[in-house]
Amino acid sequence: MKLIDVLNGEVVWPPPVWLMRQAGRYLPEYREVRAQAGDFLSLSMNPELAAEVTLQPVRRFGFDAAILFSDILILPWALGQGLQYAQGEGPLLPPLTRAELGGLSLARAVEGTAPVMEAVRRARAGLDGDKGLIGFAGGPFTVACYMLDGKGGGGFPRTLRTVYEDRRLVEGLIDLLVEASVVYLQGQVDAGADCVMLFESWAGILPAELFRVFVIAPGRRIVSALRSKSPGLHIIGFPRLCGLMLREYVVETGVSAVGLDSVTDIAAAVAACPPGTVFQGNLDPLLLHIGGEALDRGVDAVLDGFRGQRHIFNLGHGITPDVDPRNVAQLVERIRAGRPSGL
Ligand code: CP3
């Protein structure tokens with residue numbers, strides 16, 4: 001399995017490839033299944049359909065890995081917070097109050113996420129042995145952002161105020177999310193996930209000192225709790241837009257690999273992180289929308305940038321719904337051609 005070979009520290013050429021949000025609205029076959037399911041939550045909670053959309057992009061493009069079809073907000077929903085996906089608006093949650101925090105229940109989450117575990121089992125059973133299955137959860141801080149603000153898109157002002165004005169509430173919430181994420185991710189591993197990823201997509205909105213407290217420390221607790229139960233488990237961290245905190249995140253959390261956003265200069269990241277660090281990323285998703293020669297040049301630059309490193313090819317953020325699937329096929333072809341450096 002090329003994905004796990006790289007995570008084990010091998011330099012693999014051409015690198016394995018998968019793309020964040022590879023299952024999604026840019027694929028006609030996804031739109032069909034989503035329409036059949038009715039809405040996003042029903043699709044995520046239907047093991048048969050969730051497994052089907054997990055496998056669709058691997059079938060179509062031959063990616064080296066599938067990522068479980070679900071969402072980082074399924075966990076807060078299973079813990080007891082309201083959640084809806086409004087058409088064209090993204091997720092909406094009733095912003096969490098201190099009184100409501102005590103009402104969230106880990107036991108309820110374990111029961112409520114049983115269909116997710118069944119989707120993992122079905123997806124693993126439907127994949128060839130050389131394809132990896134990636135389980136995931138949101139990073140605790142990113143999930144807390146949505147829980148406290150109730151929606152994305154506005155920079156999470158309530159979360160940032162609460163961090164300063166009622167730090168205890170944020171700490172209590174993060175503690176619960178660390179505990180719940182460990183159980184949730186361990187469940188996915190037990191159900192057949194080959195490795196897991198932590199999407200800390202909004203890590204970059206915190207100043208350094210708070211990044212240590214609310215991103216690095218919870219990340220380290222999740223990694224060490226998972227490894228105490230599954231010693232060889234690979235965990236990919238994605239501390240998006242974390243800038244110069246990258247090295248500290250990698251070293252202090254103990255993640256097996258780090259996802260890089262498109263803003264991060266590849267050479268600078270390689271120079272900053274310890275030798276042997278495994279990287280994932282970091283093509284600009286906009287190039288998938290643009291296609292053509294710009295896409296080829298972008299792919300080549302990422303391949304060349306990580307040449308000689310342990311690298312899993314990916315985007316710097318998720319695929320957008322406006323992408324033409326033919327451009328994704330072009331990207332995979334370009335990587336697999338495995339052209340020698342400098343040509
Ligand atoms: O990558 C995959 O293919 C696996 C599935 C997956 C989804 N969301 C499906 C989804 C994963 C790994 C996620 C992670 C996720 N969800 C993140 C972290 C990564 C990132 O993008 O920063 C975040 C912040 C969320 C929260 C979320 N869910 C947002 C902001 C949105 C709205 C954006 C949009 O594209 O509409 C969602 C909805 C969502 N999650 C969709 C999908 C396929 C679209 C829902 C639909 O089909 O209408």
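The values are calculated or read from the model by the stated rules, or taken from the named source; none is laboratory data. For clarity, every value in this text was computed on a predicted model and none was experimentally measured. Neighbour counts are summed over all protein chains in view; Cβ atoms, including those assigned to glycine, are modelled from backbone coordinates with ideal geometry. All accessible areas refer to the heavy atoms of the entire protein, side chains included, with ligands and DNA or RNA removed. Shrake-Rupley method; radii C 1.70, N 1.55, O 1.52, S 1.80 Å.
Worth a mention:
- Within segment 266-323, the set of residues being assigned to a loop (DSSP other than H, G, I, E, B) and away from the ligand (no atom under 16 Å from the Cβ) comprises Cys273, Pro274, Pro275, Gly276, Thr277, Gly291, Phe306, Arg307, Gly308, Gln309.
- If you go through segment 13-26 and keep only what is closer than 19 Å to Gly281 by Cα, more than 9 Å from the ligand (Cβ to nearest atom) and either free of Cβ contacts under 8 Å to residues at least 40 places away in the same chain or of a type outside the set (A, V, I, L, M) (or both), you end up with Trp13, Pro14, Pro15, Pro16.
- Residue ranges of helices (runs of 4 or more DSSP H) in segment 52-122 with at least 3 members away from the ligand (no atom under 16 Å from the Cβ) and out of contact with any strand residue (DSSP E or B) (no Cβ under 8 Å at 6 or more places or on another chain): 98-101, 106-112
- Residue match in segment 263-271 (condition: small (Gly, Ala, Ser), open to solvent by less than 50 Å² (accessible area, probe 1.4 Å) and free of Cβ contacts under 8 Å to residues at least 24 places away in the same chain): yes
- Hey, Ile236 open to solvent by 10 Å² or more (accessible area, probe 1.4 Å), within 15 Å of the ligand (Cβ to nearest atom) and touching a residue at least 40 places away in the same chain (Cβ under 8 Å) or not: no
- Residues located in segment 27-43, provided they are open to solvent by less than 50 Å² (accessible area, probe 1.4 Å) and near the ligand (Cβ under 8 Å from one of its atoms): Tyr30, Phe40, Leu43
- Tabulated pairs, segment 31-47, first without any contact (Cβ under 8 Å) to a residue 12 or more places away in the chain, second outside any helix (DSSP H, G or I), C-beta under 7 angstrom, 6+ apart or interchain: Arg31/Arg25
- Subset of segment 1-26 that is touching a Pro at 6+ places or on another chain (Cβ under 7 Å) and not in a loop (DSSP other than H, G, I, E, B) - its residue that is most open to solvent (accessible area, probe 1.4 Å): Lys2
- Test: residue in segment 150-158 that is assigned to a helix (DSSP H, G or I) and open to solvent by 30 Å² or more (accessible area, probe 1.4 Å): yes
Yes/no per residue for (1) assigned to a helix (DSSP H, G or I); (2) open to solvent by less than 30 Å² (accessible area, probe 1.4 Å):
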site	(1), (2)
Asp175	yes, no
Tyr184	yes, yes
Gln188	yes, yes
Met197	no, yes
Gly204	yes, no
Glu209	yes, no
Val213	yes, no
